[in-house]
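Heads up: the structure comes next, in structure tokens.
The values are calculated or read from the model by the stated rules, or taken from the named source; none is laboratory data. Everything quoted here is computed from the prediction, not taken from an experiment. Backbone-built Cβ (ideal geometry, glycine too); neighbour counts: all protein chains shown.
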């Protein structure tokens, strides 16, 4: 299996401030706790590799290759998180036949730790999602979808805290407005909460609980020409979030984008296209600072 990596800049977070540079070089030989984050978005039921005659992505992608990559990284690294930013469903006959059950089973086998819902994850209706979700051994994080009056009540959660060794990671999910994008009968009485207000609330909760790293799994989209809320806008109008892992716009980023938050601190935003063609990789080292090394792995 071939792979290509884009190794990006290195960063430090000191007291919440992300600083580019080589300041961390003096500590590189010191043994410090490290966390490896792997992530996907908009895989859209692409189970098999793209066909050999595909114009842009011949033989690329596929769950089996992604599984092998994840397993290889797990053998090399002590603490690994695997996350997804939504639109798991819809796009190939596998979804039409199995209704998302196959995708959930495969993500469970790959060891995903958490995911959020994208708009296409409502394509089978809430009853279809619930049926498929029963085969997922990982939680769905949906902080700004209030499912209280639907069959998804208590089936998702707003946030999650995961401990990897001494590292405490807080994760929450934010979705886009469903009205006008998804048929009403697919999401029923779901109440949409303001993404910026909700993100600030969730990040504050996770900070208060002592999380070393706070991650937002977003399906808002990377950026727009309009005033529509995007990941870039979310980063600018919130605080306490270190990393936004996005989806929806199928944006291929060769490296994470930086935005300044309300406190003037840098937030990293990443998205890895669609179809399972890329596996995002970010490595954080924790001492009195957080050091981030960012790769994007092309799944060939």
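At pLDDT below 95 and in a loop (DSSP other than H, G, I, E, B): is that true of residue 300 in this structure? Give the steps one after another, and end with the answer.
Numbers: at pLDDT below 95: yes; in a loop (DSSP other than H, G, I, E, B): yes.
Here the answer is yes, as residue 300 does meet what is asked.
Going through 69, 81, 35 one at a time, which residue ends up being in contact (Cβ under 8 Å) with a residue 12 or more places away in the chain, more than 18 Å from residue 247 (Cβ to Cβ) and in a strand (DSSP E or B)? Let's see the steps before the verdict.
Numbers: 69 fails: in a strand (DSSP E or B); 81 fails: more than 18 Å from residue 247 (Cβ to Cβ).
Of 69, 81, 35, the one residue that is in contact (Cβ under 8 Å) with a residue 12 or more places away in the chain, more than 18 Å from residue 247 (Cβ to Cβ) and in a strand (DSSP E or B) is 35.
Conditions tested, residue by residue: (1) free of Cβ contacts under 8 Å to residues at least 24 places away in the same chain; (2) in a loop (DSSP other than H, G, I, E, B); (3) in contact with a strand residue (DSSP E or B) (Cβ under 9 Å, 6 or more places away or on another chain); (4) within 23 Å of residue 228 (Cα to Cα).
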site: 160; (1), (2), (3), (4): no, no, yes, no
site: 163; (1), (2), (3), (4): yes, no, yes, no
site: 168; (1), (2), (3), (4): no, no, yes, no
site: 171; (1), (2), (3), (4): no, no, yes, no
site: 174; (1), (2), (3), (4): no, no, yes, yes
site: 185; (1), (2), (3), (4): no, no, no, no
site: 197; (1), (2), (3), (4): yes, no, no, yes
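Please work out which one of (1) in contact with a helix residue (DSSP H, G or I) (Cβ under 8 Å, 6 or more places away or on another chain); (2) at pLDDT 90 or above; (3) surrounded by fewer than 22 Cβ atoms within 10 Å (Cβ to Cβ); (4) closer than 18 Å to residue 211 by Cα is the condition residue 283 fails and give its number.
Looking at each condition in turn, residue 283 falls short on (1).
Can you name the number of the only condition in (1) crowded, with 18+ Cβ neighbours inside 10 Å; (2) in contact with a strand residue (DSSP E or B) (Cβ under 9 Å, 6 or more places away or on another chain) that residue 103 fails?
With (1) crowded, with 18+ Cβ neighbours inside 10 Å; (2) in contact with a strand residue (DSSP E or B) (Cβ under 9 Å, 6 or more places away or on another chain) applied to residue 103, the lone miss is (2).
Among 214, 229, which is part of a loop (DSSP other than H, G, I, E, B) and either in contact with a helix residue (DSSP H, G or I) (Cβ under 8 Å, 6 or more places away or on another chain) or closer than 19 Å to residue 271 by Cα (or both)?
The conditions single out 229.
Does the range 113-124 contain any residue that is surrounded by fewer than 17 Cβ atoms within 10 Å (Cβ to Cβ) and out of contact with any strand residue (DSSP E or B) (no Cβ under 9 Å at 6 or more places or on another chain)? Explain how you work it out, then say what you get.
Residues of the range 113-124 surrounded by fewer than 17 Cβ atoms within 10 Å (Cβ to Cβ): none.
No - not one qualifying residue is present in the range 113-124.
How about the range 118-146: which of its residues are more than 21 Å from the chain's Cα centre (by Cα) and in a loop (DSSP other than H, G, I, E, B)?
Of everything in the range 118-146, just one residue is more than 21 Å from the chain's Cα centre (by Cα) and in a loop (DSSP other than H, G, I, E, B), namely 124.
Table: residues versus (1) part of a helix (DSSP H, G or I); (2) in contact with a helix residue (DSSP H, G or I) (Cβ under 8 Å, 6 or more places away or on another chain); (3) at pLDDT below 95; (4) within 26 Å of residue 283 (Cβ to Cβ).
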position: 2; (1), (2), (3), (4): no, no, yes, yes
position: 11; (1), (2), (3), (4): no, no, yes, yes
position: 18; (1), (2), (3), (4): no, no, yes, yes
position: 31; (1), (2), (3), (4): no, no, yes, yes
position: 44; (1), (2), (3), (4): no, yes, no, no
position: 88; (1), (2), (3), (4): no, yes, no, yes
position: 97; (1), (2), (3), (4): yes, no, no, no
